[in-house]
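Peer 1: Shown below is the structure under consideration.
The values are calculated or read from the model by the stated rules, or taken from the named source; none is laboratory data. This structure is a prediction, so every number in the text was calculated from the model and none was measured. Note that each Cβ is placed from the backbone with ideal geometry, even for glycine, and that neighbours are counted across all protein chains shown. For the accessible areas, the whole protein counts, side chains as well, though only heavy atoms, and no ligand, DNA or RNA atoms are used. Shrake-Rupley method; radii C 1.70, N 1.55, O 1.52, S 1.80 Å.
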Amino acid sequence: MNSTLPTAEALRTALAGLLDGLPPKQAAQAVERLIASYRGTTPTDTPVLRDRSDVAAYAAYRMPATFEAVRSVLAALRAAAPDWTPATHTDIGGGTGAAGWAVAEAWPAGPASTVLDWAEPALALGRELAAASDSPTLRATDWQRARIGPALRIESTDLVTISYVLKELTPEARASVVAEAARTAQAVVVVEPGTPDGYRRVIEARDRLLAAGLRIAAPCPHSGACPITALNEEGGSDWCHFSARVSRSSLHRQVKGGSLAYEDEKFSYVAAVRFDADPVAARIVRRPQIRKGMVQLELCTTRDGLARETVTKKRHGDLYRAARDIEWGGAWPPAAD
């Protein structure tokens, strides 16, 4: 593999050969069945990915999206703690290792990663993909079969990632897994789908992490109560989520019947730490609305909770130009160059 490729391209290259020999119709059917399983309302106590066909089809379909979401989250964590570099990383329920690829891109010199999952076919394929990469960090990943639930125990580690896993667990198992991550790690990252249910699971995890003594590094500008949750308790129906752009493979287009070369992955997340971090002053929590001569920003702030700010060309000059370029999920005001 070309060592000059960035990790995102390297992952797409590694995934490209996964479906060789698997009929396209079978791959599409496997993806559709697995999506239905993940979107169901009942947690499972058995692995959803049963065999190599399942794993290959779903990895080709979902790994790029999981990678892009986790990469966005790690960028926010690094911005809040730029001097912190983890030496060890544990990926709970990591499956084929998408989060590990994002960690390897965020910190190319390390850390030493361990992937825990209960589906042996997923671990086997993840090991195969890592071995095909040009990253020494990925190739050195330790792949371990483990039941993700109340009995899970992990060794002391700097960084724990839990991405797109909590949906599969019972409430008791979710609480235990997050508590175990908080007990052992210096930083915990939880990523869930950007849906109302996914947001609620992230808020549950956020509350448990705070109760365990961690502080919020991102996306929130504070470690206080989520203002969206407070509004929902008064009858609202909002949720905090963000978006990452994902290049679509031919399998994506086949399953979804679309022709665009990309799609937007919606996700909710929290990153909590035991060390000093500098959260943003405010976070843009909706896609900026750009109008002629003005940009309207929806913000989560430290002092005012949810707030709306209108930036105009006439009044704000350089700040207006920055507002036109700012992305959903970004810090506001932007850092000075």
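Peer 1: For region 276-304, how many residues meet the condition of being touching a residue at least 60 places away in the same chain (Cβ under 8 Å), surrounded by fewer than 17 Cβ atoms within 10 Å (Cβ to Cβ) and more than 21 Å from the chain's Cα centre (by Cα)?
Peer 2: The qualifying residues number 3.
Peer 1: Any idea how many residues of region 93-116 are part of a helix (DSSP H, G or I) and surrounded by fewer than 21 Cβ atoms within 10 Å (Cβ to Cβ)?
Peer 2: Residues that pass the stated criteria total 1.
Peer 1: Next question, about the same structure. Among the residues of region 305-318 satisfying the criterion of being surrounded by 13 or more Cβ atoms within 10 Å (Cβ to Cβ) and not small (Gly, Ala, Ser), which is nearest to Ala69 (Cα to Cα)?
Peer 2: The residue in question is Leu306.
Peer 1: Okay, next question. Report yes if Trp84 is over 18 Å from Ala16 (Cα atoms), modelled with pLDDT of 95 or more and crowded, with 21+ Cβ neighbours inside 10 Å, otherwise no.
Peer 2: Spelling it out, it is not the case that Trp84 is over 18 Å from Ala16 (Cα atoms), modelled with pLDDT of 95 or more and crowded, with 21+ Cβ neighbours inside 10 Å.
Peer 1: Moving on to the next point. Please enumerate the residues belonging to region 184-240 that are touching a His at 6+ places or on another chain (Cβ under 8 Å) and farther than 25 Å from Glu155 by Cβ.
Peer 2: Hits for region 184-240 are Gly194, Thr195, Gly198, Tyr199.
Peer 1: For Ile148, only one of the following conditions fails: (1) assigned to a helix (DSSP H, G or I); (2) of a type outside the set (D, E, K, R); (3) crowded, with 22+ Cβ neighbours inside 10 Å; (4) out of contact with any Lys or Arg (no Cβ under 9 Å at 6 or more places or on another chain). What is its number?
Peer 2: (1)
Peer 1: For region 314-337, how many residues meet the condition of being more than 25 Å from Asp264 (Cα to Cα) and touching a strand residue (DSSP E or B) at 6+ places or on another chain (Cβ under 7 Å)?
Peer 2: Residues in region 314-337 being more than 25 Å from Asp264 (Cα to Cα) and touching a strand residue (DSSP E or B) at 6+ places or on another chain (Cβ under 7 Å): 2 in total.
Peer 1: If you don't mind, another one. Any chance region 168-182 includes a residue that's farther than 21 Å from Asp264 by Cβ and either in a strand (DSSP E or B) or among the polar types (S, T, N, Q) (or both)?
Peer 2: For region 168-182, residues farther than 21 Å from Asp264 by Cβ and either in a strand (DSSP E or B) or among the polar types (S, T, N, Q) (or both): present.
Peer 1: Are any of the residues in region 308-317 assigned to a loop (DSSP other than H, G, I, E, B) and more than 13 Å from Cys220 (Cα to Cα)?
Peer 2: Taking every residue of region 308-317 in turn, at least one turns out to be assigned to a loop (DSSP other than H, G, I, E, B) and more than 13 Å from Cys220 (Cα to Cα).
Peer 1: Check Ala87, Ala76, Ala112 and return the single one that is under 21 Å from Phe275 (Cα atoms) and under 13 Å from the mean Cα position of the chain (by Cα).
Peer 2: Going through Ala87, Ala76, Ala112 in turn, the sole match is Ala76.
Peer 1: Here is a further query. Can you spot a residue in region 219-228 that is open to solvent by less than 30 Å² (accessible area, probe 1.4 Å) and under 25 Å from His89 (Cβ atoms)?
Peer 2: Looking through region 219-228, at least one residue is open to solvent by less than 30 Å² (accessible area, probe 1.4 Å) and under 25 Å from His89 (Cβ atoms).
Peer 1: For the structure I just gave you, tell me whether Ala69 is at pLDDT 95 or above and open to solvent by less than 20 Å² (accessible area, probe 1.4 Å).
Peer 2: So Ala69 passes the test.
Peer 1: Follow-up question, since we're still on this one. Please count how many residues of region 117-135 are open to solvent by less than 10 Å² (accessible area, probe 1.4 Å) and over 21 Å from Glu9 (Cβ atoms).
Peer 2: Going through region 117-135 one residue at a time, the tally reaches 3.
Peer 1: Now for a different question. Against the definition (of a type in the set (Lys, Arg) and outside any loop (DSSP other than H, G, I, E, B)), how does Arg206 come out, yes or no?
Peer 2: For Arg206, the condition - of a type in the set (Lys, Arg) and outside any loop (DSSP other than H, G, I, E, B) - is met.
Peer 1: Just the residues that are of a type in the set (Lys, Arg), in a loop (DSSP other than H, G, I, E, B) and closer than 16 Å to Ala81 by Cβ, please, taken from region 264-287.
Peer 2: Arg274
Peer 1: Can you tell me how many residues in region 117-138 are in a helix (DSSP H, G or I) and either polar (S, T, N, Q) or closer than 24 Å to Tyr61 by Cβ (or both)?
Peer 2: Looking only at that region, the number is 14.
Peer 1: Among the residues of region 177-207 satisfying the criterion of being surrounded by fewer than 18 Cβ atoms within 10 Å (Cβ to Cβ) and among the hydroxyl-bearing types (Ser, Thr, Tyr), which is farthest from the chain's Cα centre (by Cα)?
Peer 2: Thr184
Peer 1: Could you please let me know if Arg321 is modelled with pLDDT of 95 or more and open to solvent by 70 Å² or more (accessible area, probe 1.4 Å)?
Peer 2: Here the answer is no, as Arg321 does not meet what is asked.
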